[in-house]
Amino acid sequence: MGSNLNDLGVLDLTIQKILRHGNVTTTRKSYIHHREHQMTAAMGQLAAGIEAENRRAKAERLAENQTAEMVN
């Protein structure tokens, strides 16, 4: 149940209260498990962020080169 609630975006402290644990560490350590699809999605987000940054940097370099050519 803890993992399912976590998948839905419920905060750890809320999950702790629902499961009636005295300490949120117990909830995090034993009841919230990160699943393969979450890790795959996170890696996809990282890859997309890196690609976006590379495109931005390339566009910036291109603009700088064009400006330098116009000055010369």
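So for region 18-38 (the condition being at pLDDT below 90, polar (S, T, N, Q) and surrounded by 10 or more Cβ atoms within 10 Å (Cβ to Cβ)), does at least one residue qualify? Checked against the condition, which is being at pLDDT below 90, polar (S, T, N, Q) and surrounded by 10 or more Cβ atoms within 10 Å (Cβ to Cβ), region 18-38 yields at least one hit. Each residue in region 19-60 was checked for being assigned to a helix (DSSP H, G or I), of a type in the set (Gly, Ala, Ser) and closer than 17 Å to Met1 by Cα, and 1 pass.
The values are calculated or read from the model by the stated rules, or taken from the named source; none is laboratory data. Not measured: the values here are computed from a predicted model. Every residue, glycine among them, receives a Cβ derived from its backbone with ideal geometry; neighbour counts consider all protein chains shown.
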